[in-house]
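Inspection log for the structure reproduced underneath, given as structure tokens.
What follows draws every value from the coordinates through simple rules; no lab data is involved. On a predicted model such as this, the values are computed, not experimentally measured, just so you know. As a convention, Cβ positions derive from the backbone with ideal geometry for all residues, glycine included, and neighbour counts pool all protein chains shown.
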Amino acid sequence: MGLFRRRPGDDRTWGMRLTETFLPFFGPASIRRTPPRPPRPEDVAREAALRDSLQVVTRPDGHAYVVERPADPTP
């Protein structure tokens with residue numbers, strides 16, 4: 001296979017050639033070297049609203065899915 005064959009004058013390792021092969025599909029890694037930013041108040045409010053209106057239900061087979069909470073919760 002021509003993707004992994006070393007070209008004359010190419011001093012990259014096999015791993016680097018493999019990684020660079022996937023760059024057109026997955027793009028470069030996004031790595032932040034600074035401390036994480038706290039979430040914005042709008043994001044926190046949106047998350048709280050979603051958690052209030054939706055719930056995660058797990059079927060007996062282990063599959064989890066999200067459903068809307070009923071308007072009148074019954075015990």
(request) For the chain, find the longest principal axis of its Cα atoms and tell me its angle to the long axis of helix 14-26, 0 to 90°, nearest 10. (result) 50 degrees
(request) Compute the distance in nm between two label points, each set 7 Å from the Cα along the Cα-to-Cβ direction, one at GLU42 and one at VAL66. (result) 1.9 nm
(request) Of the options THR19, GLY9, VAL57, report the single residue whose Cα projects farthest towards the positive end of the charge dipole of the chain (beta-carbon charges: Lys, Arg +1; Asp, Glu -1). (result) GLY9
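How much length is gained if the chain between PHE22 and VAL56 is pulled fully straight, taking 0.36 nm per residue apart and subtracting their Cα-Cα distance, in nm to one decimal? Display every interim value, and only then the final one.
Working: separation 34, 0.36 × 34 = 12.24 nm, distance 3.50 nm.
Result for the pair: 8.7 nm of gain on full extension.
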(request) Provide the per-residue ³J(HN,Hα) series for the range 47-53, in order, calculated from phi with Karplus coefficients 6.51, -1.76, 1.60 and θ = phi - 60°, each as a whole number of Hz, with x at glycine and proline positions. (result) 4, 5, 5, 5, 5, 6, 9
(request) Go ahead and set up a Gaussian network model of the chain, Cα springs under 10 Å, then flag whichever of ASP61, ASP43, ASP52 fluctuates most. (result) ASP61
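Looking at the chain from every direction and averaging, what is the projected area of its Cα convex hull in nm²? Write down the numbers at each step before the final one.
Details: hull surface 45.7 nm².
Orientation-averaged projected area of the Cα hull: 11.4 nm².
Which whole-number percent is the relative contact order of the chain (Cα, under 8 Å, 6+ apart)? Numbers along the way, then the final one.
Details: 25 pairs, mean separation 11.7, N = 75.
With pairs under 8 Å counted, the relative contact order is 16 percent.
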(message) Please give the charge dipole size of the chain, origin at the Cα centre, charges +1 on K and R Cβ atoms and -1 on D and E Cβ atoms. Round to the nearest 20 debye.
(response) 600 debye
